[in-house]
Structures are given as structure tokens and as C-alpha cells.
1. So in the stretch 56-81, with the set limited to residues that are of a type in the set (Val, Ile, Thr) and part of a loop (DSSP other than H, G, I, E, B), which one is surrounded by the most Cβ atoms within 10 Å (Cβ to Cβ)?
2. Answer with yes or no whether Leu189 is more than 18 Å from the chain's Cα centre (by Cα) and more than 12 Å from ligand 1 (Cβ to nearest atom).
3. For Ser173, indicate whether it is closer than 20 Å to Leu119 by Cα and either out of contact with any Leu (no Cβ under 9 Å at 6 or more places or on another chain) or within 11 Å of ligand 1 (Cβ to nearest atom) (or both).
4. Ala107 fails exactly one of the following numbered conditions: (1) in contact (Cβ under 8 Å) with a residue 24 or more places away in the chain; (2) within 18 Å of the chain's Cα centre (by Cα); (3) over 25 Å from Val277 (Cβ atoms). What is the number of that condition?
5. Among the residues of the stretch 18-47, write down those that are under 15 Å from the mean Cα position of the chain (by Cα) and part of a loop (DSSP other than H, G, I, E, B).
6. Could you list, in sequence order, the residues of the stretch 1-18 that are surrounded by fewer than 20 Cβ atoms within 10 Å (Cβ to Cβ) and of a type outside the set (A, V, I, L, M)?
7. Return the residue satisfying two criteria in turn: it lies in the stretch 239-267 and is surrounded by fewer than 15 Cβ atoms within 10 Å (Cβ to Cβ), in a loop (DSSP other than H, G, I, E, B) and at pLDDT 95 or above, and of such residues it is farthest from ligand 2 (Cβ to nearest atom).
8. Has the stretch 4-17 got at least one residue that is more than 18 Å from the chain's Cα centre (by Cα) and not in a helix (DSSP H, G or I)?
Amino acid sequence: GLPTRVRIHEVGPRDGLQNEKALVPVALKAEFIRRLAEAGLDTIEATSFVHPKWVPQLADAEELMPLIDDVAARLPVLVPNERGLDRALALGAREIAVFASATESFAKANLNRTVAGALEMFEPVVAKAEDAGVAVRGYLSMCFGDPWEGQVPISQTVSVSRRLLDMGCDEISLGDTIGVATPGHVRELLATLNEAGVTNDRLAVHFHDTYGQALANTLAALEHGVTTVDASAGGLGGCPYAKSATGNLATEDLVWMLDGLGIETGVDIGRLTATSVWMARHLGRPSPSRTVRALSQK
Ligand code: HMG
Ligand code: MG
């Protein structure tokens, strides 16, 4: 059966804005996050403490954090290494996410490491975060397909997931970075993870909507028993280090479906849509979300 409540992990300010060509002013980012919280989102991924040359769009993390320290939401941030963790902790971050890859090609492109080398880089980060009482999410990219390697074997995804949990990550977010997954593949991966001892309460799903499958894949995951879903307001996003990655599942498309199913999220779809329309105006192009378009044309 379906869950009665779903926790939405909003990634627009991070996964969305990291992929914008134009640099978004820091005050606008802060207002975006504030508006998302006011729309009822209780987990909003705020920014990344990565190398500023790798993701210049988020190089203002130090300026952003003090502007949002009174926002009433969990505000996780991405951290690739100890340098990133120190920067995040100095600004009072209470939740972080490390980000691994199921494939060698993407580990190299995104982290300049092998898969194993990246996991080694994360180990002290996760340990130090735990000591500081900071919650750690482990992203796993390219769980289904990879632009260089094609379809990714389920065993590969399961083994890196296990490694992330074993090193102390509280939750794994299964990333379909380039949006190639379909619902049968989702069901098979989740069932295999369960067999490997990974329970649904430790899992989140992170779908990109490149092939229009994100909502179908999400429904398959919910039917399987997963209750944490990543989404990006207005469908913003992509990944600068994965060619052919487009925006994430739009939060509005997700909330429209969940509202219809009577599943609680705490999100006010009207306020959320108004926020995405406002952001799209600043970015200079319309939101790709069908729900945003439909609701804003009413
Ligand atoms: P590297 O070049 O191997 O770095 O990059 P390094 O460890 O050799 O260090 C080189 C220099 O960078 C040093 O400075 C470090 O101090 C500095 P130097 O001593 O030469 O003066 N440095 C840093 N400075 C500031 N903050 C830091 C930091 N780290 C090192 N954190 C590195 C390795 C991991 C740093 C780099 O590859 C990187 O920053 N990658 C981030 C890429 C990224 O952010 N990608 C997007 C997020 S992932 C994603 O979107 C997927 C997801 O949405 C899920 C999905 O859809 O699949 C999560
Ligand atoms: Mg992503």
C-alpha cells in the first residue's frame, strides 16, 4: 500500500541552482529558501561546500548561510571532503550530504577520484560529522544508468549503497542522475537493496525527469514502501558534470500527485507554485514543470 505521509527533500536551491548558467545573487537565493520554507517544505538543501572552481554557482555558500540561519527548516548542505566539512561546520550546518557514484566514469568526472577513492575521502567526513552530532545523507549517483557506461548493474549500486551505510550514513538517496530509470528497474533495485539488508526507512529516491519518467518512478518507489522523495521546486536543475542530466522531478508535480492520493506532505501547492513562478521570472525562462504551468495559467 501507499504511505500516509511523504517527506519531501527539496533540492532546488542546490541541485537546481548549481546548474544555472547565470549566477544568481545570494540575496535571491536566501529569499528562495525562505519562500520554500513558508510554502511548507521542512527539508531544503541549501548549498554545497565544494571547490568553488568546480561549481562557481554555489561559491557563495559562506555568504548564504548567515542569511538563512533563522529559516525554520532542516537545511542540509553538500560536502565532498574534510575541507568542505570544516567550512560547513564553521557556519553552523547541522546536516550534511556526501555524494558517491555507482560508476567509475562519474566518480572521476564529479570528484576526480575512483569510486573507492571517493569512499575513502568520505570516511573521515562521516566520522567527524557523527562526532559533531551532524546528520549525514549519502547520495549515490548513476544508480540506474550512466552517460559513459550505459546501464549500471544493480549489484554495483547495491554494493556502494552498503558501503555508505556501513561508514555511518543515516540515509541513502538513490540518484537517477540522467533520468533513464523506468519503474520496473526501480522496483528491482529496491527489492535487491532490501535483500541486502537495506531497509526502506534508510532510503530516499532522487529522480531527474529527462525522459519524463520521474513521477512514474516515484510512484513505484512509494508503492514499494519508500517514504522520502527528493524534488526540485519548479523542476530546476541538473548536474554540471553529467552530460544529458536535466532538472529533477518538479516538487509541484510531486505534490499534485500526492495531494490527489491523499498523502500528506505539509506543502501548500499554491504558495510553492507562486515561488517557482517568481524564481522563473528571475532566471528568465518558464518553469519546465507541467503543474507549475497549469496552475499559473489559471
Ligand atoms: P580535486 O581537484 O581533486 O581537489 O577536486 P583536491 O582534493 O586535489 O584539492 C585541490 C585544491 O582544492 C586544494 O587547494 C584544496 O584545499 C581545495 P590548494 O591546496 O591547491 O590551494 N579544495 C577545496 N576548497 C574549498 N572547498 C572544498 C575543497 N576541497 C578541496 N570543499 C573535489 C576534488 C571533491 C574538491 C572536487 O572534485 C569537487 O569539488 N567536486 C564537486 C562536484 C560537484 O559539486 N558536483 C555536483 C554535486 S553532485 C550532484 O549534483 C548529484 C546529486 O544531485 C545526485 C544525483 O542526481 O545523482 C547529488
Ligand atoms: Mg541530482
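The values are calculated or read from the model by the stated rules, or taken from the named source; none is laboratory data. Just so it is clear, the structure is predicted and the values come from calculations on it, not from any experiment. Note that we place each Cβ from the backbone using ideal geometry, even for glycine, and neighbour counts take in every protein chain shown.
1. So, considering only residues that are of a type in the set (Val, Ile, Thr) and part of a loop (DSSP other than H, G, I, E, B), the one surrounded by the most Cβ atoms within 10 Å (Cβ to Cβ) is Val79.
2. Yes, satisfied.
3. yes
4. (1)
5. Leu41, Asp42, Glu45, Ala46
6. Taking the stretch 1-18 first, the residues surrounded by fewer than 20 Cβ atoms within 10 Å (Cβ to Cβ) are 1-5, 7.
Across the stretch 1-18, the qualifying residues are Gly1, Pro3, Thr4, Arg5, Arg7.
7. Gly262
8. yes
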